[in-house]
1. On C-alpha positions alone, give me the angle between the axis of helix 186-205 and the longest principal axis of the chain, in degrees, nearest 10.
2. Go ahead and estimate [θ] at 222 nm for the chain from helices alone: -39,500 (n - 2.57) per DSSP H run with n ≥ 4, summed, over the residue count, rounded to 500.
3. About its Cα centre, how strong a charge dipole does segment 4-205 have in debye, to the nearest 20, once Lys and Arg get +1 and Asp and Glu get -1 at the Cβ?
4. What order, most packed first, do the peptides 130-137, 112-119 have when packing is the mean number of other Cβ atoms within 10 Å of each residue?
5. Label point 7 Å out from LYS33 along Cα-to-Cβ: which residues of segment 137-168 have amide N under 17 Å?
6. Out of all DSSP beta bridges with both ends in the chain, state the antiparallel percent to the nearest 5.
7. For the chain, take the longest principal axis of its alpha carbons; what is the angle in degrees between that and the long axis of helix 157-168, to the nearest 10 within 0 to 90?
8. Kindly identify the chain as rounded, prolate or oblate by the Cα gyration tensor criterion: order the square roots of the eigenvalues as a ≥ b ≥ c, call it rounded if a/c is under 1.5, otherwise compare a/b with b/c, prolate if a/b is larger, else oblate.
Amino acid sequence: MTHTILHIDSSPLGDRSISRRLTAQTLTELQVKHPESAILTRDLAANPLPHLDGMTIGAFFTPPDQRTAALNEAAKLSDQAIDELIAADIIVIGAPMWNFGIPSSLKAWIDHIVRTGRTFKYGIAGPESLLPKGKKVIIVSSRGGMYSESPMNAMDYQETYLRAVLGFLGLTDVSFIRAEGVGMGEEAVKSAIVLAESQLSQAIEQVA
Ligand SMILES: Cc1cc2nc3c(=O)[nH]c(=O)nc-3n(C[C@H](O)[C@H](O)[C@H](O)COP(=O)(O)O)c2cc1C
């Protein structure tokens, strides 16, 4: 089966990044399984999306046939990011935990893709996804501490937030790979990576 994979990285740490190392491993394994797949990479550290400004939000809420050239220009980055999301049937996201949440670069991407009239709308029963169904999301997270168990799991706004916002868009088939405790020394990093690699191989086994 041929897949279109959207690969998103947000760590600014290049070769030292654990989430980047694991998203790369994910792509390698997906390519071994499905060599014909196309990969589109969006590097949010190298090419950050800007924070939403008033002009851009104005463009989002102006029907396309009423937009001026300036408003069309303001919506362009968001349109591109949404087109990539629509085209992909597998989305691989590298998400470091920063201050119990996600880096602002990744949040900026989310602000550009969660857009009424393009990726969701409010119907009479509440929010409805406008995205094509059947997309698989693999999120590779890396965290200095351990959040899988109480009491620290109450501080995990990274996984809870990502699941909530992606679920809002109808993206509910999400595998969350966790490299945890990577701030606790070299041995902890090694075992976190081994565990995360086995989690990601299991996630890839489920990909048809
Ligand atoms: C700005 C910043 C904030 C961080 N905040 C947290 C945090 O709240 N909790 C945590 O467990 N680790 C935190 N860390 C550690 C990172 O999650 C950890 O180093 C992880 O490996 C980063 O992903 P990366 O290696 O892909 O860059 C933080 C690191 C940085 C640079």
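Taken together, the values in this text are just the output of simple stated rules run on the coordinates, not laboratory data. Just so it is clear, the model here is predicted, and its values are computed rather than measured. So basically every Cβ, Gly included, is an ideal-geometry build from the backbone, and we count neighbours across all protein chains shown.
1. Once rounded, one gets 60 degrees.
2. Value at 222 nm, helices only, nearest 500: -13000 deg cm²/dmol.
3. It works out to roughly 260 debye.
4. Answer by packing, highest mean first, reads 112-119, 130-137.
5. The answer is 137-141.
6. 15
7. Long axis of 157-168 versus the principal axis of the chain: about 40 degrees.
8. Prolate, because a/c is 1.5 or more and a/b exceeds b/c.
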